[in-house]
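For reference, the structure is listed below as structure tokens.
The values are calculated or read from the model by the stated rules, or taken from the named source; none is laboratory data. All values derive from a computational prediction rather than experimental measurement. Cβ: placed from backbone, ideal geometry, glycine included. Neighbour counts: every protein chain shown. Protein only, heavy atoms only, side chains kept; ligands, DNA and RNA dropped before computing areas. Shrake-Rupley method; radii C 1.70, N 1.55, O 1.52, S 1.80 Å.
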Amino acid sequence: METSRGLFTGTTDGNELVVIEGHEEPKPVRNIDGQLCEICGDRVGLTVDGDLFVACEECGFPVCRPCYEYERREGTQVCPQCQTRYKRIKGSPRVEGDEDEDDVDDIEQEFRMLQGKISHGDDDENAKSPLDAAKVNEERPISSHGLGESGSARWDEKDKDWKLNQGNLWPETDASVDPEKAMRDEARQPLSRKVAIPSGRLSPYRMMVVARLIITVLFILYRISHPVPEAIGLWLISVSCEIWLALSWMLDQLPKWFPTDRETYLDRLSIRYEPEDKPNLLFPLDVFVTTVDPIKEPPLLTANTVLSILAMDYPADRIACYVSDDGASMLTFEALQETAEFARKWVPFCKKHSIEPRAPEKYFSEKIDFLKDKVQPTYVKERRTMKREYEEFKVRINSLVARFTRVPVDGWTMKDGTPWPGNNTRDHPGMIQVLLAQSGGPESDGAGNELPRLVYVSREKRPGFQHHSRAGALNALLRVSAVLSNAPFVLNLDCNHYVNNSKAVREAMCFFMDQQTGKSICFVQFPIRFDSLDSHDRYANRNTVLFDIKLRCEDGIQGPTYVGSACIFRRKALYGCDPPKVSKRPKMVGCDCCPCFGARKKPQVHSKHDRNGDDASITGADEDKQELMSHMNFENKFGKSAIFVNSTLDEQGGIPSSSNLAALLKEAIHVMSSSYEDRTPWGKEVGWDYGSTASDTLTSFKMHCRGWRSIYCMPKRCPFRGTAPINLSDRLNQVLRWSVGSMEIVFSRHCPILYGLRVGRLKGLQRVSYISSTVYPFSSIPLLVYCLLPAVCLLTGKFITPSISTFASLLFIGLFISIFATGILELRWSGVTLEEWWRTEQFWVISSVSAHLFAIVQGFMKALTKADMSFIIMTKAPDDGEFRELYAFRWTSLLVPPTTIIIINLIGIVAGMTDAINSGEHSWGLLLGKLFFSFWVIVHLYPFFKGLMGRQNRTPTLVIIWSVLLASIFSLVWVRIDPFVLKTKGPDIMQCGISC
């Protein structure tokens, strides 16, 4: 028994100790009245006594009773905030570990109170109180009071009834006795919940961020108050750069204050929406796959993505896959035909044996124990057969690629002799073909296995029309899919991103199909992991800081940003609709009487015709006119297609069963024509946005401004994987495209600094996150200056700081320690490795002095000239050799600035050390500070330097000539002009000693 709880006293007839509970003063708990549960979002609720329910008495972290009982029964049994073990609360079932607590069971206490009355009788005037009786007779069994076995049985029945009446929503149920009831109880629980990051990891990180902010402010104040008179210009530029970089860090750091994780329960989703012997209630899903160039995006890569989609663990009649061929390539079309044939064998094999992953190339190349958890004796034989079938499939695809390397003079012709409609890729009609499930429903392979629908789509392209690259292709797919299947949710994937977790769609449905918050979710974003990267990830292609830190932090505010792929959208949100509003009670008006205090509904005002019973205020003609105007408004918004407009009004999705497939295909050709979007808000208020090359960021930003929220889902098994450009030139061009898109947003009317302020539906920290995601290229200017400053100091013999005092030394040391400590603690709660963080820091410097710098120039040029930027397709082919593509070198002007910086710093190091040797030992102390900053620049640019040299030191002569020329000119001119040193006329007093 714990001696720290309550007041102890002895009994009147013995030396037994009795605890007088409730004497101890309650611990202070924060006020949670009216708050919502931090896990599921429901109200906290009340206890069985009518008091406010408090799960943790230590910190008062708001948790409702269902989440509290679930955490005690199946979770860690500790508070998410203070990590204190949950204690049993009255009305809750016991769990393992409760026997160690010195509490009094509310059920047993009720029995003992009644036992005391029975044992003492009513004739005892000095009878003890029920509480005393319960305490004193604590060890006496019920049978000793004369109840017997029949009385014990009656008390057991009352015990069960009492538990249910006390508000125990999920009573203890023996699944072997009543499995259906246990299943129903499980289905009533939430489909997902928030999992708070342990405070032991998050609190030190927040404290260090605050400490770093304070040290940074003190450092900037010290730099401003201590100028360098002999190099005032150099000091002024360095202080300006430091202030800008500090503000940039604050913009990046503020949205990271509330990181969060989520947990889903797929078994509850199946119990609730997939009942046995009843129709499946899961929402249908349309999947969009986009491809353009079959040379840079090999057909085998696209085929693996399509096969992984068709084999997902989801009802076949609720999946439709649409492949957009924006290059109108006959190679892609025939490769998809081969893919459809192979899918008839691959999809049943995957679902029969529950294999992961379901992309055949990845599955057969993984060096794992493929027999693990496999119990069917036919698995080994079927796997060998399927591997042989896939190898034959690869040979057929490779033969197609080889046949299409040379284009005939007259263009390509199809098997029946018809000329291929897409021979002219810039002027061709729209094309569509249903490759699987032509009848509209799921297709069977002959053995009873259903196959999802697969559709090939190539939108019309005509000269003189804007086609808007990838965003235009996705909007065309959005309209085509609405006509043919009209699923309420759509998943978009790049052709090189395959499904690695077959249950990924079910994970998203745990959020969309939630009864409380599901209707306000616009999209669910998944992380993407990448294959075929070198072990050191030289150019930070994994983007772990983005996927494991930034998006998780945004999920704690209003939701993550859309990253362009691996995202499931609500179709209604893509149509530009607002989220459903929360129903409010009708406003009450006063009635001028004191007792009611205005609690009376506002009376309805009726016209004279209404009082006379005349309903002719709105005639039939007026109703027809209103209906016609409404239809015209929909046509102005969505385009002139009656079938498509009608599909937008159906929130549940689906098409009428009486629809004719031929008529639907004809309408699908119409809605993807080049002129369909003319004089409509497509690309502005409807669909993927055309206002920027970074259409993904702009699309999610406008959704959040309308009031929608998004979800970031990170299952234990990565949901999607793909390939990334590991070549230095391609990587820099990819970053350049993203940066140019950010600049286009900044210079447009959608600038996140001002856009949406009047509506007020975008949360403040979410706006800060979008500002940080768009203005980051501007940090390249101060960073470029800071990379050149060490070389300038070494060449001129000056420094950006005066002689350092003891306080300044402590300030510099504290700043560097806080920078590293913040990074380490951030890695601790996020799970990112130190090497991944360091590679991200290195590539941030590399991209800032190259791609970001060029993006600012291109953004200004586009803002002035209104010219459209070209969309560059990156090479997405998997690496055949061992990182052969890593060492391939392609010329680009982005390589010149970083190479120039490296050469200038090397020249500065040589010049500085030469000057120190000639000046004597007294100059070595100042030289070390300059060399430290110069080496800091070179270490950050080392991956670039290594990639520039290549495997066999083959650097293009043009890069070397330009870089050496620029570095030499810069160094010579700088030494000759020396602009940051004050010029004086006349003799130097310190040298001649003349007092004049």
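Would you mind checking the pairs 461/666; 503/702; 415/461; 256/702 and listing those with alpha carbons more than 19 angstrom apart? Among 461/666; 503/702; 415/461; 256/702, the Cα-Cα distance tops 19 Å for 503/702; 415/461; 256/702. Take segment 522-569 with all the other protein chains still there, run a 1.4 Å probe, and you get 18 Å² of accessible area per residue.
Modelled label positions at residue 261 and residue 46, each set 7 Å beyond Cα in the direction of Cβ, lie 3.6 nm from each other. Cα centroid separation, segment 495-565 to segment 241-286: 8 Å. Most tightly packed first, judged by the mean number of other beta-carbon atoms within 10 Å of their residues, the peptides 841-849, 285-293 read 285-293, 841-849. With the full set of protein chains in place, find how many percent of the accessible area of segment 719-761 is carbon and sulfur; take the probe as 1.4 Å. Reported share for carbon and sulfur atoms: 57 percent. For the pair residue 935 and residue 636, a Förster radius of 41 Å applied to the C-beta separation gives a FRET efficiency near 0.05, rounded to the nearest 0.05. Within segment 806-821, what residues put their amide N at less than 14 Å from the label point 7 Å along the Cα-to-Cβ vector of residue 221? Residues passing the 14 Å test: 808, 811. Note on residue 274 and residue 213: with the Förster distance fixed at 60 Å, the Cβ-Cβ geometry gives a FRET efficiency of about 0.75. Structure shown: which of 572/716; 345/381; 352/374 lie over 18 Å apart, alpha-carbon to alpha-carbon? Exceeds cut-off: 572/716. Length available on full extension from residue 365 to residue 659: 0.36 nm per residue minus the Cα-Cα distance, which gives 101.5 nm. A Förster distance of 22 Å, applied to the separation of the beta-carbon atoms of residue 838 and residue 201, puts the FRET efficiency at 0.60. Nonpolar atom fraction for segment 436-550, defined as the carbon and sulfur part of the 1.4 Å probe accessible area, stands at 47 percent. Rolling a 1.4 angstrom probe over the protein heavy atoms with all chains in place gives segment 678-733 an accessible area of 28 Å² per residue. Any chance you could check the Cα centroid distance between segment 804-867 and segment 55-100 for me, in angstrom? What the calculation gives is 42 Å, centre to centre.
One decimal place: the segment residue 379-residue 247 gains 41.6 nm when fully extended, by the rule 0.36 nm per residue minus the C-alpha distance.
Fully extending the segment from residue 763 to residue 860, taken as 0.36 nm per residue of separation minus the present Cα-Cα distance, adds 32.0 nm.
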